[in-house]
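This report refers to the structure that appears directly beneath it.
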Amino acid sequence: MATQVLTNPVNLTISPRLAKNIRRNIKERVIELILMLAALSAVATTFAIVGVLLYESLTFFKAVSLVDFFTDTQWTPLFEDAHFGIMPLVSGTLTTSAVALAVAIPIGTIGAIYLSEFATHKVRETVKPILELLVGVPTVVFGYFALFFVTPMLQKIFPELPSFNMLGPGIVMGIMIIPYISSVAEDAMRAVPMSMREGSYAMGATRFQTAIRVVTPAAISGIIAAYILGISRAVGETMVVAIAAGQQPNLTFNPMESAATITAYIVQVALGDLPHGSIGYQSIFAAGLVLMVMTLIFNILGHWVRKKYRQKY
Amino acid sequence: MVTATTPLKAEARNLNFIYNGGNRAVKNLSMPLYENKITALIGPSGCGKSTFLRCFNRMHDLYPGNKYEGQIVMHPDNTNILDPAVDPIEVRMRISMVFQKPNPFPKSIYENVAYGLRVRDIKNKRLIDEKVEEALKGAAIWNEVKDRLQDLAFNLSGGQQQRLCIARALATDPEIMLFDEPTSALDPIATANIEELMSELSNKLTILVVTHNMQQAARVSDYTAYMYLGELIEYGDTDSIFTHPTRKETEDYITGKFG
Ligand SMILES: Nc1ncnc2c1ncn2[C@@H]1O[C@H](COP(=O)(O)OP(=O)(O)OP(=O)(O)O)[C@@H](O)[C@H]1O
Ligand SMILES: [Mg+2]
């Protein structure tokens, strides 16, 4: 068959136009291949990370039982009397994240509503770059801001607050996350068609009623996406809590106490010089795995909620 | 038919409308709206029908830089609704609107119709229930939705959504209802339903409807206005406009020679 085509006299005299087509075709194939490789590399990296996490955790869990891991109330892998209960790190992560979200979700949402529905063009074009600037500030800076500025201020209100606590860094983390939430939520609100707003105004609604009763519910799936992003950022944030929350694992949900988060533990240990293959070294991967599973759970939950509320216009 | 006794509901007096940027889309337009009558606005695309219609509920206020000149006076109280001192929200409470494309809110069928009452801070549940039912009946959609009032409005068909939007506009007892090509997105059966509905509604309120469909204008309206390039070319009762228009342009447009 192939030889037949090749020996076909018609194919021997390819017209210039056809040749151009073939060349274009090859070019497109090459581009496609490059794009696919780029996409694959991201997927491959993800799989590699998961693979390493699982592999190293497996050795960890050979030494530490899952029951101990989830029920022991102490996390002291580097002590003589080592305990491997992850819960103190989980509680620290959840508490700082909860404080951060308690700050970021209301302010981010209100900011998004303001920017999308109330601000004039000029205000919006001024405020948005400033918010984006906030995203560019290195998190170390936020960490010391929490430690040397926010916590001392909070201590004026709560004199018994220790210098290392979860409240201060939680609040600062919240401030850090506001731009993420407000910009994604604002995009979702601005995508609501104007005809829907007009319908509301035509019924005699005010701007505020239109924003709250029509635009927000219409954009709810995008707003929830913004929250998911915020949660992922909060759970995964490292520097701020490592610097300002203290690094003592502490099984508590009280933001007034000091504690360590999963991420803070990971940097703390990773910065030290633990021998490869030691149980302390492997504990990093077990902790990382828990962090990944937590993020995954929040994401799945978020997608489920989003799907439930997804609106079509 | 025009009779001396037909009361006026509203009238445009030397109305001009200038879009932000300077485009004068309505030019020196004067026209009456008779009470409990249907007035049809016809004219080629871009002649300013929607622009004129949207002056009646001050829709242009939503976008900065737009400018009205002249008056739209509402009777019997003689209010110039374009007066900057008049709150556009007050105007929209008296004059409601149905859009070209159905635009239900992301809410249940019930809440869509209740919307106008809720934004007026009406809280009495029994009253709202009553009004919602009355409006849905008035919009001839009650039988289709009475068992699914809590369903999302998006799940209705296009024609049903449009009738829902009419119900929504009806629920607050407006004096005038504006329709901007309300059937252009609908099939012939849904269109016939809406036309019938408009005729019924005109027993209780005044209607101004923009349409591209000559038959529709001839079928439903009592008066017809022909616009061209922002100007009112001819206005009269529908029968005479369609049988013996006085202006050549009107005749050309109606008979399809132009537009
Ligand atoms: N937002 C706007 N800014 C500036 N000019 C506009 C705007 N909207 C409409 N116009 C112009 O005003 C004129 C009238 O438009 P309008 O939408 O009122 O026409 P129409 O008669 O309703 O047309 P159609 O039958 O296509 O709906 C047109 O020339 C249009 O280009
Ligand atoms: Mg129009």
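The values are calculated or read from the model by the stated rules, or taken from the named source; none is laboratory data. None of these values were measured; they are calculated from a predicted model. Cβ: placed from backbone, ideal geometry, glycine included. Neighbour counts: every protein chain shown. Accessible surface areas use protein heavy atoms only, side chains included; no ligands, DNA or RNA. Shrake-Rupley method; radii C 1.70, N 1.55, O 1.52, S 1.80 Å.
Rolling a 1.4 angstrom probe over region A:16-62 with all protein chains present gives an accessible area of which 72% lies on carbon and sulfur atoms.
In order along region A:91-100, phi translates into HN-Hα couplings of 5, x, 4, 5, 5, 4, 5, 5, 4, 4 Hz, rounded to whole numbers, per the Karplus curve 6.51 cos²θ - 1.76 cosθ + 1.60 with θ = phi - 60° and x for Gly and Pro. With each label modelled as a point 7 angstrom along the Cα→C-beta vector, the B:ASP252-B:GLU134 pair spans 4.9 nm. What the Cβ-Cβ distance of B:ASN80 and A:THR206 gives, at R0 = 30 Å and to the nearest 0.05, is a FRET efficiency of 0.85.
In this simple spin-label approximation, A:LYS122 and B:ASP187 carry label points 7 Å from Cα along the Cα→Cβ vector, and these lie 5.2 nm apart.
Principal-axis analysis of the Cα atoms of chain B puts helix B:188-201 at an angle of about 90° to the longest axis. Distant-in-sequence amide contacts of B:GLN100, defined by a placed amide H-H separation under 5 Å and a gap of 5 or more residues or a different chain, comprise B:ASP180. Taken about its Cα centre, region A:16-62 carries a charge dipole of roughly 520 debye when the Cβ of each Lys and Arg holds +1 and the Cβ of each Asp and Glu holds -1. Sorting A:MET87, B:MET214, B:MET227 by solvent-accessible area of protein heavy atoms yields A:MET87, B:MET214, B:MET227, largest first, with a 1.4 Å probe.
Taking GluC sites (Glu not before Pro) across region A:159-242, the ones in a DSSP loop with at most 11 further Cβ atoms lying within 10 angstrom of their Cβ are A:GLU160. The charge dipole of chain A, taken about its Cα centre with unit charges on the Cβ atoms of Lys, Arg (+1), Asp and Glu (-1) only, comes to about 2000 debye.
Helix B:158-170 and the long axis of chain B differ in direction by around 90°, with both axes built from C-alpha atoms. Per residue, the protein assembly as shown exposes an accessible area of 49 Å² to a 1.4 Å probe, with every protein chain left in place. Projecting the Cα atoms of A:PRO193, B:ASN16, A:SER278 onto the charge dipole of the protein assembly as shown, computed from C-beta unit charges around the Cα centre, puts B:ASN16 farthest toward the positive end.
A cut-off of 5 Å between modelled amide H atoms, ignoring neighbours fewer than 5 places along the same chain, links B:ILE233 with B:TYR226, B:MET227, B:TYR228.
Ordering B:LYS49, B:LYS125 by accessible surface, largest first, gives B:LYS125, B:LYS49; the 1.4 Å probe counts only protein heavy atoms, with every chain in place. Entry note, region B:166-212: relative contact order of 56 percent, from Cα contacts under 8 Å with a spacing of 6+ residues. Considering helices alone, the calculated mean residue ellipticity of chain A at 222 nm is -23000 deg cm²/dmol, with DSSP H runs of length four and up weighted by -39500 (n - 2.57) and normalised per residue.
Taking the helices alone, chain B has a mean residue ellipticity at 222 nm of -10000 deg cm²/dmol, built from -39,500 (n - 2.57) per DSSP H run of at least 4 residues and averaged over all its residues.
Ordering B:VAL119, B:VAL91, B:VAL145 by the projection of their Cα atoms onto the charge dipole of region B:75-167, which places +1 on the Cβ of Lys and Arg and -1 on the Cβ of Asp and Glu, puts B:VAL145 at the extreme positive end.
Divided by 2.2 N^0.38 Å, where N counts the residues, the Cα radius of gyration of region A:71-312 comes to 1.16. Only the Cβ atoms of Lys and Arg (+1) and of Asp and Glu (-1) were treated as charged; on that basis the dipole of chain B about its Cα centre amounts to roughly 540 debye. Here the scattering of region B:8-254 is modelled by Debye summation over its C-alpha atoms, one equal scatterer each and no solvent; at q = 0.09 Å⁻¹ the log10 of I(q)/I(0) is -0.38.
Dividing the mean sequence gap of close Cα pairs (under 8 Å, 6+ apart) by how many residues region A:71-312 holds gives a relative contact order of 28 percent. Using only alpha-carbon positions in the protein assembly as shown, the gyration tensor eigenvalues give semi-axes of 62, 34, 22 Å once each is multiplied by 5 and square-rooted (largest first). Chain A contacts chain B over a buried accessible area of about 2000 Å², both sides summed; the probe is 1.4 Å and only protein chains count.
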